[in-house]
Amino acid sequence: MLVLASASPRRRELLAQAGFTFTVVPAAIPEDPRPGENPVAYVTRLAREKAEAVYARLNSERDSLMVLGADTTVVAPNGEILEKPADNSDAARMLRLLSGATHQVITGVAVVSSSGVETAAEVTHVTMLTLSDEEIAAYIATGEPMDKAGAYAIQGHAARWIPRIHGCYFNVVGLPLALVAGMLEGVRSRSELLP
């Protein structure tokens with residue numbers, strides 16, 4: 001039984017698109033970076049904490065339980081971790097940081113099962129065109145940036161400003177499907193070997 005420990009509609013859509021059958025049980029954990037924590041360590045820790053929290057809640061239900069946790073962040077060219085914007089001015093600030101440059105999108109993934117915890121991260125480099133203040137304001141007015149790390153959705157209106165990516169597109173949307181599929185297959189294979 002696969003459980004997605006995320007309330008993200010994008011992750012739910014991607015996992016379903018890849019042909020997985022699963023249920024959704026969101027985890028509520030604090031999502032603040034620790035002092036000095038690098039972006040990869042940050043997202044893999046959050047993914048693990050989400051998956052572990054849900055696994056602990058559901059563990060008594062069945063031995064074949066696998067819980068998938070994920071967390072995505074955007075790292076600006078200056079190294080700042082960009083989570084979801086607090087308000088419109090924060091969204092504008094983030095978009096100005098990304099404008100005309102290449103940034104990183106990093107998703108941490110964790111799978112918790114009876115055989116233990118496996119974590120990994122996917123990094124994609126995304127190049128964004130230079131945006132005018134008017135373009136930024138019009139984009140914020142759509143409301144799209146407000147629940148997205150880095151204040152944009154590559155699969156939404158912001159697609160017109162992304163001429164190039166290097167890495168997994170699905171990672172930028174919120175879930176690196178090839179990485180996730182490999183991890184889940186590995187966990188399934190190992191659990192079949194257990195006595």
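All of the numbers you see were taken from the coordinates with simple rules; none came from a lab. Just so we're clear, the structure is a prediction, and the values are computed from it rather than from any experiment. Virtual Cβ from ideal backbone geometry, glycine too; neighbours counted across all protein chains shown.
Taking the inverse of the average 1/r across all pairs of different Cα atoms in segment 2-193, what Kirkwood radius in Å do you get?
On the way: mean 1/r = 0.0585 Å⁻¹.
Taking the inverse mean of 1/r over all distinct Cα pairs, segment 2-193 comes out at 17.1 Å.
How many percent of Cα pairs in segment 43-152 exceed 21 Å?
Numbers: 2753 of 5995 pairs.
So the portion of pairs separated by more than 21 Å is 46 percent.
Quick one: compute the contact order of segment 59-180, relative version, from alpha carbon pairs under 8 angstrom and 6+ residues apart, as a percent.
On the way: 235 pairs, mean separation 35.9, N = 122.
Dividing the mean separation by the residue count of segment 59-180 yields 29 percent.
Taking θ as phi - 60°, what are the ³J(HN,Hα) couplings along segment 12-25 by the Karplus curve (6.51, -1.76, 1.60), each to the nearest whole Hz, with x for Gly and Pro?
Once θ is set to phi - 60°, the couplings for segment 12-25 become 4, 5, 5, 5, 5, 4, 7, x, 7, 9, 7, 10, 10, 9 Hz.
To the nearest 500 deg cm²/dmol, what mean residue ellipticity at 222 nm is calculated for the chain from DSSP H runs of n ≥ 4 alone, each contributing -39,500 (n - 2.57), summed and divided by the residues? Walk me through the numbers on the way to the answer.
Values: 6 runs with 71 residues, N = 195.
Rounded to the nearest 500, the figure is -11500 deg cm²/dmol.
Where Rh is the Kirkwood radius over the Cα pairs of segment 82-130, the temperature 37 °C and the viscosity 0.692 mPa s, what D in µm²/s does Stokes-Einstein return?
On the way: Rh = 13.1 Å.
The estimated diffusion coefficient comes to 250 µm²/s.
So if R0 is 45 Å, what FRET efficiency would Thr23 and Ala137 give, r being the distance between their Cβ atoms, rounded to the nearest 0.05?
On the way: r = 40 Å, r/R0 = 0.89.
With R0 = 45 Å, the Cβ-Cβ based efficiency is 0.65.
Report, to two decimal places, the Cα Rg of segment 59-110 normalised by 2.2 N^0.38 Å (N = number of residues). Before the final figure, lay out each step's value.
Numbers: Rg = 16.4 Å, N = 52, 2.2 N^0.38 = 9.9 Å.
The reported ratio for this selection is 1.66.
Spelling out what I want: for every residue of segment 36-41, take phi, set θ = phi - 60°, compute 6.51 cos²θ - 1.76 cosθ + 1.60 (Karplus), and round to whole Hz; glycine and proline get x.
Karplus values, whole Hz, x for Gly and Pro: x, 6, 6, x, 5, 4.
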